[in-house]
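The values are calculated or read from the model by the stated rules, or taken from the named source; none is laboratory data. Everything quoted here is computed from the prediction, not taken from an experiment. Don't worry about glycine lacking a Cβ; one is built from the backbone with ideal geometry, like all the others, and counts go over all protein chains shown. All accessible areas refer to the heavy atoms of the entire protein, side chains included, with ligands and DNA or RNA removed. Shrake-Rupley method; radii C 1.70, N 1.55, O 1.52, S 1.80 Å.
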Amino acid sequence: RRWGKSVVWRLKPFVGTDITGRRSAYYFGGLRFDLQITPHLMVEPNFAVAIYLHGRGKDLGSPVDFRSGLDAEWRFDNGVRIGIAYHHMSHWFLFGSTNPGTEVLVLTLSTPLD
């Protein structure tokens, strides 16, 4: 879920979840920054705190992780966005000595709720 109004300067909040086929899941919330490159092309750096449940997937060393990334999206006139996102997740060795981290590449589709 993305909110359209800025909370600080031009930073906007978002929350979400991702689930894998190996029963891993992460739930995250953070801030994003929309950069409008053309009338339809958006680039969005973002940062979030995540709760990670590794199920049968990769053990990231901690249930608390940080997610940083960059999304590139095409925004249609009706507000729907389609794009690609790259994110890195790790806990920066703040919660233990095991910190393999992981990279995620995702196709995205988002629609406005308001």
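Side notes on the structure shown:
- Per residue, the convex hull volume that the Cα atoms of the stretch 7-92 enclose (Å³): 105 Å³
- Additional length obtainable on full extension of the chain from PHE76 to ARG23, 0.36 nm per residue less Cα span: 15.8 nm
- Rolling a 1.4 angstrom probe over the protein heavy atoms with all chains in place gives the stretch 1-89 an accessible area of 58 Å² per residue.
- Per DSSP, loop trypsin sites (Lys or Arg not before Pro) in the stretch 1-98 with at most 15 further Cβ within 10 Å: ARG1, LYS5, ARG10, ARG22, ARG23, ARG56, LYS58
- Inter-part distance where the stretch 8-23 and the stretch 47-114 are each reduced to a Cα centre, Å: 6 Å
- Neighbour-limited loop hits for chymotrypsin sites (Phe, Trp or Tyr not before Pro), the stretch 1-82 (at most 11 other Cβ within 10 Å; DSSP other than H, G, I, E, B): TRP9, PHE76
- When only the Cβ of Lys, Arg, Asp and Glu is charged (+1, +1, -1, -1), the dipole of the chain relative to its Cα centre reaches about 200 debye.
- Cα convex hull of the stretch 59-114 - mean projected area over all directions, nm²: 4.8 nm²
- Measuring how big the stretch 20-59 is from its alpha-carbon positions, Rg and Dmax come out at 14.8, 42 Å.
- Sequence ranges 98-105, 86-93, ranked by mean other-Cβ count within 10 angstrom, highest first: 86-93, 98-105
- Working from Cα pairs under 8 Å separated by at least six residues, relative contact order for the chain is 18 percent.
- Nearest-20 debye value, the stretch 47-114 charge dipole, Cβ charges on Lys, Arg, Asp, Glu: 180 debye
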